[in-house]
Amino acid sequence: MSNHFHPMPFGATVQDKGVEFALWAPSVQTVVLEHPLASQPMTRDAKGWHRLTVLDAVHGDRYSFRLPDGTRVPDPASRFNPDDVHGPSMVIDPRRFAWTDDAWRGRPWEEAVVYELHVGTFTDEGTLRAAAVRLGALAELGITAVELMPLADFPGRRNWGYDGVLPFAPDASYGTPDDLKALVDTAHALGLMVLLDVVYNHFGPEGNYLHAYGPEFFNAGKQTPWGAAINFDGPRSRTVRDFFIHNALYWVEEFRFDGLRLDAVHAIHDETRPHIVHEIREALNHGPARERHVHLVLENDANQASMLLRDGRGRPVAGTAQWNDDLHHAVHVLVTGEGDGYYADYADDPVRRLAQALAEGFVYQGQPSAFRHGEARGEPSTRLPSPAFVSFLQTHDQVGNRAFGERIHALGDPVLVRAAMACLLLSPHVPMLFMGDEFAASTPFQFFCDFGPALAGAVSEGRRAEFGGFAAFADEAARARIPDPNAEATFAASKLRWRERGTRAHFARLCEVQQLLDLRHRFLVPQLGGIAGAGSWRCENGTLEVQWDLGTARLHLLAHFGAQPVELLAEPPGERVHSEGVTRGGGGLRLSRGAVHVTLEARHGG
């Protein structure tokens, strides 16, 4: 058994004797540490660091910092805030947890099948301990990586996680830091990687006290949808950059996460070189990635393929992979017929858009976007290997940002949804399921939060006003039916019903997904290490055909989304991996609506 911790200049550090407390507060001259054993000024240096060592302080002690105006604030680098974001922080000695995963070295990225989950709604209990109990079912299904939505301490008892204000503290509503470590330890014993979604582009709107003593954390000259941008490239930005680099290392070293998913990197304002994402990658490479696989997944609406490039040894220079919204948008238009908002860019020929996304990753690689009023979006992605794209039929975003949180299988044509799932799971992309996808969960995933009175009303009104531009919500009565984000019932309605997995219709979907993942692991995964660049594709009469060179094999995918059956003169060569909705005759194939046909052709003596 081993102990793991990440040393850092921020926060409370348990020493051989006592605890050292450190706060970067350059805009105030005095800070008083409030601790049961000491209420005394900290020592300030010329760079704005305030430090104090309390010799009798121990693990479990509560503490806060008192500013000159009397305001008591938690530690911005708190490892745990058991009384929520406005309360005192707790001293945590990370070396107390005994890990059992000494032999764990992670998994190569091409083996990844990702499962995105929200801890609070994944189980009835909504805790880390309850989630750990369900991990065995995911491993049995064929999942190899669990991605947790953000855990950083947020205001209240329920939140998606993107309103976090204490980036180092797992939210207490889910459990303790040791509960989180136990979940990761359990996952590793099952062969599962665990990724954590982190937010480095903004702080939440309630409980962020940094402006009171460290306005240098922000750059008022650069505005974002959440206010002043985080200061990654202005004066005194070095300490700010270090704060987030240490945060990345902290989760990977102290909690043994196998990687991070960086939220909305397109909203990070950073004109320095190296960019903060590159600097995080370098820090991981010089630290934990020397001993095990560590992955960095990006969300990047700008489709910056340059952030996904590989070096001469095939290693990522920054991001291992990126969430592929382009593929999702094409699928959504194709199976639902919706073409409003950002879906308008994919509505002209969604089958063609899907074919391109499967072959090349991005659809928008520098072309103008009608949704963005002609603004060009993206960079060429054909040099990237297919596993550089994490693709999906839905995520928390696309489900939860709908007024009622409906899932794609509740909206789309079931025949086409089923075909799209087969295309996803049997492509060389890294597939991701959103929790409940595997059994077509009946529960929605709605937008929920638990803000204090000063903010709750504005959020509820803003949520309903957001949909006022849609015809379906033109009148006030229709908008009033949109669930209140702050109501506990909205959160409760979003919890998975695990018992559904055993009922007839849901169990059939579960079996289909499990069978497709079994095929993926047997036929595709052993070949994916040799894939170097984009595939080739063509599209005609609602039928897409894509092929990828995997090095020693070539993968062929046919899928038909047209209303009428089509006849193909020749069958793609190779061993049949999967064939659904396909009949043979006359030396060719007849594809019915929703048909998917996949073959693997050996090459070069493979």
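A short reminder: the numbers here are calculations on the coordinates, not readings from a lab. Predicted, not measured: the structure shown is a model, and the values here were computed from it. Cβ coordinates were reconstructed from backbone atoms using ideal geometry, including for glycine residues, and neighbour counts include every protein chain displayed.
Okay, here's what the table says:
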{"quantity": "Prolate/oblate/rounded call for the range 107-162, Cα gyration tensor, a/c under 1.5 rounded", "calculated": "oblate"}
{"quantity": "FRET E, pair Ala570, Gln367, Förster distance 25 Å, beta-carbon r, rounded to 0.05", "calculated": "0.15"}
{"quantity": "Descending semi-axes in Å of the chain, equivalent ellipsoid built from Cα gyration tensor", "calculated": "43, 26, 23"}
{"quantity": "Hz values of 3J(HN,Hα) by residue in the range 286-299 - Karplus curve (6.51, -1.76, 1.60), Gly and Pro given as x", "calculated": "8, x, x, 6, 6, 10, 7, 5, 10, 10, 10, 9, 10, 9"}
{"quantity": "Distant-in-sequence amide H partners of Ala534 (H built 1.01 Å from N, under 5 Å)", "calculated": "Leu384"}
{"quantity": "Helix 325-336 vs. the chain, principal-axis angle (Cα, 0 to 90°, nearest 10)", "calculated": "50 degrees"}
{"quantity": "Mean separation of Cα contacts under 8 Å, 6 or more apart, over the residue count of the chain: relative contact order %", "calculated": "11 percent"}
{"quantity": "Least to most buried among Ile143, Ile531, Ile230 (fewest other Cβ within 10 Å first)", "calculated": "Ile531, Ile143, Ile230"}
{"quantity": "Residue order, fewest to most beta carbons within 10 Å, for Asp345, Asp69, Asp242", "calculated": "Asp69, Asp242, Asp345"}
{"quantity": "Whichever lysines have a C-alpha closer than 29 Å to that of Lys181, once near sequence neighbours (fewer than 8 apart) are set aside", "calculated": "Lys17, Lys495"}
{"quantity": "Förster-model FRET efficiency, 56 Å R0, Ala139 and Ala46, C-beta, rounded to 0.05", "calculated": "0.60"}
{"quantity": "DSSP-defined beta bridges in the chain - what % are antiparallel, rounded to 5", "calculated": "70 percent"}
{"quantity": "The range 23-84 and the range 423-445: distance between their alpha carbon centers, rounded to Å", "calculated": "45 Å"}
{"quantity": "Estimated vicinal HN-Hα couplings, Hz - the range 578-584 in sequence order (Karplus 6.51, -1.76, 1.60; Gly, Pro = x)", "calculated": "7, 8, 9, x, 10, 10, 9"}
{"quantity": "For the range 135-178 versus the range 251-318, the gap between their alpha-carbon centres in whole angstrom", "calculated": "20 Å"}
{"quantity": "In Hz, Karplus ³J(HN,Hα) per residue of the range 144-149 (6.51, -1.76, 1.60; θ = phi - 60°; x = Gly, Pro)", "calculated": "10, 8, 9, 10, 8, 4"}
{"quantity": "Lys, Arg +1 and Asp, Glu -1 on Cβ, resulting dipole of the range 1-95 about Cα centre, debye, nearest 20", "calculated": "200 debye"}
{"quantity": "Among 269-275, 105-111, 87-93, the order from most to least packed when residues are scored by Cβ within 10 Å on average", "calculated": "87-93, 105-111, 269-275"}
{"quantity": "Nitroxide proxy distance, nm - points 7 Å out along Cα→Cβ at Phe404 and Glu540", "calculated": "4.2 nm"}
{"quantity": "Distance between modelled label sites at Ser27 and Val58, nm, 7 Å Cα→Cβ extension", "calculated": "3.8 nm"}
{"quantity": "Cut-off under 5 Å, modelled amide H: who pairs with Thr53 long-range", "calculated": "Phe21"}
